[in-house]
Amino acid sequence: MGFMPKRAMVLAAGLGMRMRPITLTTPKPLVAVGGKPMLDHALDRLADVGVAEAVVNAHWLADKIAGHLAARQQPAPRISLSREEEVLETGGGVRHALPLLGEEPFFTINADIVWLDGPVPALQRLAQAWDADKMDCLLLVTPTATAVGYDGRGDYHMAPDGVLTSRVEGEVSPFVMAGIAIMKPELFADRPAGAFSQSLIWREAEAAGRLYGVRHDGNWYHVGTPDAVPLVDAHLREPVGREVVP
């Protein structure tokens, strides 16, 4: 299978402002769809492809996330909790957790997305496509038109060789970043401590011609608002083979 990251970062520290009032008492990663919390969907997918360790960052209602992780019946991959005293955003959260992530490329997964795999697991497809000589970041992207729970205009265009270019202001692009990536740790190591978004790193990689994508070949769901919870839950509980309706 070639390279498979040994570690992953699951980004679970957001305040979940758009999900209120649900997130006043429940951290967004613990909101359940399809019969289990979104955080468990991500951790179970990592276990399926043999990732050995996962780091989960937490800030808002961090004790609830810690308690949930401690109670997982099947903790593989081995889980570490990275507590943040302040909101560090996606990039700052990864930088804060670098001592736990090692020196090899690792997965990053947003904890407010859920996906169904095609014939080959999406994480495995990313690993198979990874080429450290030409890539700094490899993003899973999914078609904008069929992204359930997503109401934006997309993020990227993708060339036949996988090179990504950002959407121009005012247009709609065919692909949205699906919240899953392989990243090199050195991209974060020299950043100042504090809050910043991973999108800063993606823009720099794009400018250098080193931002690539893989098209997701299964269903993909974004759970960002209270209205999305029953919508995504219904999709996930449908029999396998249900067509996604944009």
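The values are calculated or read from the model by the stated rules, or taken from the named source; none is laboratory data. In this text, all values refer to a predicted model and were calculated from it rather than measured experimentally. Ideal geometry is used to build each Cβ from the backbone, glycine not excepted, and the neighbour counts take in all protein chains shown.
If we scan the stretch 179-188, do we find a residue that is of a type in the set (Gly, Ala, Ser) and out of contact with any Lys or Arg (no Cβ under 8 Å at 6 or more places or on another chain)? Among the residues of the stretch 179-188, at least one is of a type in the set (Gly, Ala, Ser) and out of contact with any Lys or Arg (no Cβ under 8 Å at 6 or more places or on another chain), which makes the answer yes.
Among the residues of the stretch 48-69, those identified as surrounded by 15 or more Cβ atoms within 10 Å (Cβ to Cβ) and within 23 Å of ASP233 (Cβ to Cβ) are VAL56, TRP60, LEU61, LYS64, ILE65, HIS68, LEU69. When each of ASP161, ASP217, ASP233, ASP190 is tested for being in contact with a helix residue (DSSP H, G or I) (Cβ under 9 Å, 6 or more places away or on another chain) and of a type in the set (Asp, Glu), the lone residue that passes is ASP217.
Is there a residue in the stretch 158-172 that is under 30 Å from PRO21 (Cα atoms) and at pLDDT 90 or above? Within the stretch 158-172, not a single residue is under 30 Å from PRO21 (Cα atoms) and at pLDDT 90 or above. Scanning the stretch 116-136 for residues that are of a type in the set (A, V, I, L, M), part of a loop (DSSP other than H, G, I, E, B) and over 23 Å from GLY149 (Cα atoms) yields VAL120, ALA132, MET135. Answer yes or no: is there a residue in the stretch 106-116 that is more than 21 Å from ALA207 (Cα to Cα), of a type in the set (D, E, K, R), at pLDDT below 95 and surrounded by fewer than 17 Cβ atoms within 10 Å (Cβ to Cβ). Scanning the stretch 106-116 turns up no residue that is more than 21 Å from ALA207 (Cα to Cα), of a type in the set (D, E, K, R), at pLDDT below 95 and surrounded by fewer than 17 Cβ atoms within 10 Å (Cβ to Cβ). At least 3 residues being surrounded by 20 or more Cβ atoms within 10 Å (Cβ to Cβ) and touching a strand residue (DSSP E or B) at 6+ places or on another chain (Cβ under 9 Å) is the threshold, and among the helices (runs of 4 or more DSSP H) wholly inside the stretch 141-246 those reaching it are 198-207.
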